Amino acid sequence: MPAAPYATVALPTHEALDDVEREARAEAFAKDMALRRTVRDFAPTPVSRSVIEHCLRAAGSAPSGANQQPWRFVAVADADIKRRIREAAETEERNFYAHRAPEQWLEALAPLGTDADKPFLEVAPWLIAIFYERFAVDDDGVKHKRYYPHESVGIATGLLIAALHRAGLATLTHTPSPMGFLNEVLGRPRNEMPFLLLVTGHPAKGCRVPDIRRLPLGEIATFLE
Ligand code: IYR
């Protein structure tokens, strides 16, 4: 039997904006987001758990396939767990840089100067491991497929990165490859797939970032009016 449709509620009212204010807000948000940069050099300065909680609430407001909300976040500040994540990630990364990465991939990474050393995994105050459920298992052990889990967790992660940036924090979207060790270290069940590790904190004093450019709007967007 199909489930009954949801009851409905009035759309929660967002403040009404006039067109001038709308334009100003859209522009201001784009300008603020343009300041976001991926950082690899973090300060050990602590960040309060409640800030991370607010940002995770923002992430959890993302749209998802059939409202299944397949994302799961594990926020790690514990030094011992961070050390274990670093050790496991560096083991995988050494293998990646020395053996697994195809030449073309290494060439693409060369301008970034990344290597297998990941000190930021211990220095940054928070590592937010992001998982998505491939399926859920109910009390009778029956598996329930999740729909569009990649799209859903990707959108939630985007909101999380934006929320952390708005809170004045820096992030690194880190994808140690493969990431299966995160399930072991963090004790997550096998139906949860690691998506990425969001290294979060304050940038180190004097932190420098590559002088990259973003594609102009004309190259990323087409308007058909
Ligand atoms: N996971 C590796 C390699 C890496 C891959 C891409 I694509 C990057 O944009 C950056 C790094 C690492 O973290 O070093």
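The values are calculated or read from the model by the stated rules, or taken from the named source; none is laboratory data. Here the structure is a predicted model, which is why all the values come from computation and not from measurement. Cβ placement follows ideal geometry from the backbone for every residue including glycine, while neighbour counts extend to all protein chains displayed. Accessible surface areas use protein heavy atoms only, side chains included; no ligands, DNA or RNA. Shrake-Rupley method; radii C 1.70, N 1.55, O 1.52, S 1.80 Å.
Yes/no per residue for (1) touching a residue at least 60 places away in the same chain (Cβ under 8 Å); (2) open to solvent by less than 70 Å² (accessible area, probe 1.4 Å); (3) of a type in the set (Asp, Glu); (4) assigned to a strand (DSSP E or B):
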| site | (1), (2), (3), (4) |
| --- | --- |
| Pro111 | yes, no, no, no |
| Ala116 | no, yes, no, no |
| Phe131 | yes, yes, no, yes |
| Ser152 | yes, yes, no, no |
| Arg190 | no, no, no, no |
| Met193 | yes, yes, no, yes |
| Val209 | yes, yes, no, no |
| Glu219 | no, no, yes, no |
| Thr222 | no, no, no, no |
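Take the residues in region 129-146 that are of a type in the set (Val, Ile, Thr) and farther than 24 Å from Gly158 by Cα, then tell me which one is farthest from the ligand (Cβ to nearest atom). Even if it seems obvious, please write down each step before you answer.
Of all residues in region 129-146, those of a type in the set (Val, Ile, Thr) come to 130, 137, 142.
Filter again for farther than 24 Å from Gly158 by Cα, leaving 137, 142.
Values: Val137: 30, Val142: 36 Å.
Selected residue: Val142.
Just to be sure before I move on: is Ala136 touching a Pro at 6+ places or on another chain (Cβ under 9 Å) and open to solvent by less than 30 Å² (accessible area, probe 1.4 Å) in the structure I sent? Outline the logic, then answer.
Numbers: touching a Pro at 6+ places or on another chain (Cβ under 9 Å): yes; open to solvent by less than 30 Å² (accessible area, probe 1.4 Å): yes.
Criteria met by Ala136.
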For region 119-128, indicate whether the set of residues that are without any contact (Cβ under 8 Å) to a residue 24 or more places away in the chain and either assigned to a loop (DSSP other than H, G, I, E, B) or within 15 Å of the ligand (Cβ to nearest atom) (or both) is non-empty. no
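Condition check: more than 21 Å from Met179 (Cβ to Cβ), open to solvent by 30 Å² or more (accessible area, probe 1.4 Å) and either in contact with a Pro (Cβ under 7 Å, 6 or more places away or on another chain) or within 15 Å of the ligand (Cβ to nearest atom) (or both). Does Gln68 satisfy that?
The answer is no for Gln68.
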Residues within region 123-157 that are within 23 Å of Ala43 (Cα to Cα) and out of contact with any Lys or Arg (no Cβ under 7 Å at 6 or more places or on another chain), tallied: 8
